[in-house]
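Step one of this worksheet: look at the structure below.
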Ligand SMILES: [Zn+2]
């Protein structure tokens, strides 16, 4: 089982590391072991990688080579295979204390074919840990000193992992995504770990009014909501919730400039407009605004930069994101528009041990999203050294989505 012991490094301080060292770790300690694991234990990849020898895989010496050697997969592959074909055929009791207990999520939308996605408990833990590490970074580096923010430090021990701060201790965050949307679930896990309570309505599609009333009732400190848009397949839009608030003089007025109770806005998986961002920061003076980029398949893989809030820093940990050229199976040049390929490379058990993923495995999975990636190794003004994903295009790539599939749930 040695080479199945894939470190996921969810606790690794990727953000401040040296680029060359980081890429070496990602390739040698995560990507290649994940590939070997998939080829040996996952029915779909056994077939899909038939022409690849173990030697081919072990000889991959760069992420560029990884993209050109390892065939990508799309939603079409998911639709035409049973979900269990993507799950490793291993004795789960050996690697997963929950013995195969899965979270299940449907995905669908533009392609019209609903697809079942399953994450094991340990994968879920690794994914949520990656996401909340990105929030912790902000608190350590910056947020503590911002105006209009009340910081409540606290410490706790997570099952053998080192002590952590709980920067959101005592806070109440409301989820405005539809109840069955994966975003509510993953945020519930990560925000609890950071010390916050998290509420969401059981209704499958809460209205804007529902969310606004609940926000007032629970006197929440923050909200998780899709920012804005035309249809409400994801949930109640932040922009519409704020519009109700602006039109009322109530006891619980979210727009009150001196209302320190309302401090957080979170969103996931879509760009936010300059106009709305400026409104949140300038008119509402909300001290902490955080977006994640992710998918139902691999969950959060990047989080917004605190200086350039429409850009996303790659997170690593449980996942790898690469931008592929639009027309060739090669890595896109820095700043070149391409397709995002995501891979699930690690997980964490209850004791903090690093393990291979045990839910559905995605390697070089094309989400259908377009994006550009900054040159790795260029330090960012926010203090992070990880590459920045920007010019995210979830809507412009309809052709790509129809052809390659994309999660839109
Ligand atoms: Zn940054």
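Identify the single condition in (1) at pLDDT 90 or above; (2) surrounded by fewer than 18 Cβ atoms within 10 Å (Cβ to Cβ); (3) not in a loop (DSSP other than H, G, I, E, B) that residue 57 does not satisfy, given that it satisfies every other one.
(2)
What pairs come out if I take residues in region 382-395 that are more than 14 Å from residue 307 (Cβ to Cβ) and pair them with residues that are assigned to a strand (DSSP E or B) and near the ligand (Cβ under 8 Å from one of its atoms) whose C-beta lies under 8 Å away, six or more apart or interchain?
As it stands, the answer is 387/313; 389/313, since those pairs meet every condition given.
Pick from 367, 386, 378, 348: which is under 26 Å from residue 188 (Cα atoms) and within 16 Å of the ligand (Cβ to nearest atom)?
386
Would you please list the contacts, defined by Cβ atoms under 9 Å and residues six or more apart or on different chains, that run from a residue in region 320-349 that is at positive phi to a residue that is surrounded by fewer than 16 Cβ atoms within 10 Å (Cβ to Cβ) and in a loop (DSSP other than H, G, I, E, B)?
Listed by first residue and then by second, the contacts come to 335/375.
Among strands (runs of 3 or more DSSP E) lying entirely in region 153-200, which contain 1 or more residues that are at pLDDT 85 or above and over 22 Å from residue 137 (Cβ atoms)? I'd like the intermediate steps shown before the answer.
On the way: elements: 155-157, 163-165, 172-175, 197-200.
Passing ranges, in order: 172-175, 197-200.
Would a scan of region 342-349 turn up a residue that is farther than 23 Å from residue 64 by Cβ, surrounded by fewer than 24 Cβ atoms within 10 Å (Cβ to Cβ) and outside the structural domain of residue 46 (by TED's automatic domain parsing)?
Pass one, region 342-349, residues farther than 23 Å from residue 64 by Cβ: 347-349.
Among the residues that remain, those that are also surrounded by fewer than 24 Cβ atoms within 10 Å (Cβ to Cβ) are: 349.
Applying the additional criterion that residues be outside the structural domain of residue 46 (by TED's automatic domain parsing) yields none.
So far as region 342-349 goes, no, none of its residues is farther than 23 Å from residue 64 by Cβ, surrounded by fewer than 24 Cβ atoms within 10 Å (Cβ to Cβ) and outside the structural domain of residue 46 (by TED's automatic domain parsing).
Go through region 218-238 and count every residue that is more than 22 Å from residue 186 (Cα to Cα) and at pLDDT 90 or above.
The total comes to 0.
Can you tell me how many residues within region 362-381 are over 14 Å from residue 339 (Cβ atoms) and surrounded by fewer than 23 Cβ atoms within 10 Å (Cβ to Cβ)?
Qualifying residue count for the region: 8.
Just to verify a result, which residue in region 293-310, among those that are within 14 Å of the ligand (Cβ to nearest atom) and crowded, with 24+ Cβ neighbours inside 10 Å, is farthest from residue 180 (Cα to Cα)?
From region 293-310, those within 14 Å of the ligand (Cβ to nearest atom) are 293, 302-310; that's our starting set.
Okay, now just the ones that are also crowded, with 24+ Cβ neighbours inside 10 Å, so 293, 302-304.
Numbers: 293: 18, 302: 22, 303: 22, 304: 24 Å.
Step by step, filter region 293-310, then rank; the result is 304.
Looking at this structure, is residue 358 away from the ligand (no atom under 16 Å from the Cβ), touching a helix residue (DSSP H, G or I) at 6+ places or on another chain (Cβ under 8 Å) and in a strand (DSSP E or B)?
Taking the combined requirement at face value, the residue does not satisfy it.
Which members of region 311-333 meet the condition of being closer than 18 Å to residue 24 by Cα and within 16 Å of the ligand (Cβ to nearest atom)?
Pass one, region 311-333, residues closer than 18 Å to residue 24 by Cα: 314-323, 331.
Across region 311-333, the qualifying residues are 314, 315, 316, 321.
Output yes when any residue across region 18-32 is in a loop (DSSP other than H, G, I, E, B), at pLDDT below 95 and either out of contact with any strand residue (DSSP E or B) (no Cβ under 8 Å at 6 or more places or on another chain) or under 18 Å from residue 297 (Cβ atoms) (or both), and no when none is. I'd like the intermediate steps shown before the answer.
Of region 18-32, the ones in a loop (DSSP other than H, G, I, E, B) are 18.
Restricting the remaining residues to those that are at pLDDT below 95 gives 18.
Subsequent filtering for residues that are either out of contact with any strand residue (DSSP E or B) (no Cβ under 8 Å at 6 or more places or on another chain) or under 18 Å from residue 297 (Cβ atoms) (or both) retains 18.
Yes, that holds for at least one residue.
Output yes when any residue across region 272-281 is assigned by TED's automatic domain parsing to the domain that holds residue 217, within 16 Å of the ligand (Cβ to nearest atom), touching a strand residue (DSSP E or B) at 6+ places or on another chain (Cβ under 8 Å) and part of a loop (DSSP other than H, G, I, E, B), and no when none is.
The answer is yes, given that some residue of region 272-281 is assigned by TED's automatic domain parsing to the domain that holds residue 217, within 16 Å of the ligand (Cβ to nearest atom), touching a strand residue (DSSP E or B) at 6+ places or on another chain (Cβ under 8 Å) and part of a loop (DSSP other than H, G, I, E, B).
The values are calculated or read from the model by the stated rules, or taken from the named source; none is laboratory data. What you are looking at is a predicted structure, and each value in this text was computed from that prediction instead of being measured. Every residue, glycine as well, gets a Cβ built from its backbone with ideal geometry; the counts of neighbours run over all protein chains shown.
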